[in-house]
């Protein structure tokens with residue numbers, strides 16, 4: 001994990017993860033007794049990095065916690081702090097990535113090990129974490145996603161209370177209020193750059209000008225498909 005972290009490992013037939021995440025998956029799957037032993041060895045250094053990272057608002061130190069000692073007792077706290085820092089800077093996609101890793105991933109129906117590099121046993125308030133995810137979708141302007149997340153949130157945490165935007169609120173009521181108010185917000189201005197797949201978390205950004213991608217690097221003929229979807233299916237894959 002420390003020396004070969006750029007390698008990829010297959011976790012399913014169609015999905016690969018980095019070697020570091022693969023190793024963290026193995027640690028997260030340890031039985032409680034083994035996880036307790038592992039934490040007894042790494043918690044002291046993880047706590048030191050976490051507390052210094054929070055005090056200095058140092059993302060590098062907080063990232064070191066989740067990259068080097070992800071399943072330590074401080075891994076979920078570091079994920080929360082990194083998500084909050086990303087949220088404050090307007091990087092909602094990054095904030096979502098950190099926060100989602102705190103939430104336990106449901107076990108597969110066939111009892112196969114999880115392929116999601118999530119924290120195994122957080123003691124953080126999951127209503128608080130999920131409320132942040134809904135708020136991120138609202139502020140992104142992704143109303144469809146926000147409505148779906150709010151419905152699920154209300155099902156799970158209808159009466160949960162906590163602090164949101166500096167005030168103690170009933171999460172579901174406050175998020176519903178924010179979502180309703182967002183209908184009257186002006187559209188977000190398009191920023192320069194292309195920070196994520198398809199240009200934005202909503203995956204629908206339109207480039208301001210034509211993008212010159214260069215010449216064709218290679219082409220691959222795609223397999224034929226049924227007549228029902230033939231008109232919707234490309235016949236070649238072109239890489240420029």
* Structure fact -> Under the rule rounded for a/c under 1.5, else prolate if a/b exceeds b/c, else oblate, using alpha carbon gyration tensor axes a ≥ b ≥ c, region 113-200 is classed as oblate
* residue 47 to residue 197: extension gain in nm, 0.36 nm per residue of separation minus the Cα-Cα distance? -> 50.6 nm
* To do: For a quick protection proxy, order the peptides 20-31, 163-174 by their average other-Cβ count within 10 Å, most packed first.
  => 20-31, 163-174
* P(r) of region 1-124 over all Cα-Cα pairs, binned every 5 Å from zero, in whole percent -> 2, 12, 19, 23, 21, 15, 6, 2, 0
* Asked: How many nm separate the modelled label positions at residue 115 and residue 37, each set 7 Å beyond the Cα in the direction of the Cβ?
  -> 3.0 nm
* Asked: In nm, to one decimal, how far is the modelled label at residue 159 from the one at residue 123, with both set 7 Å along Cα→Cβ?
  -> 2.6 nm
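None of the figures in this text is laboratory data; all of them are computed from the coordinates on show. Treat the numbers as computed from the prediction; the structure is a model and nothing was measured. Note that each Cβ is placed from the backbone with ideal geometry, even for glycine, and that neighbours are counted across all protein chains shown.
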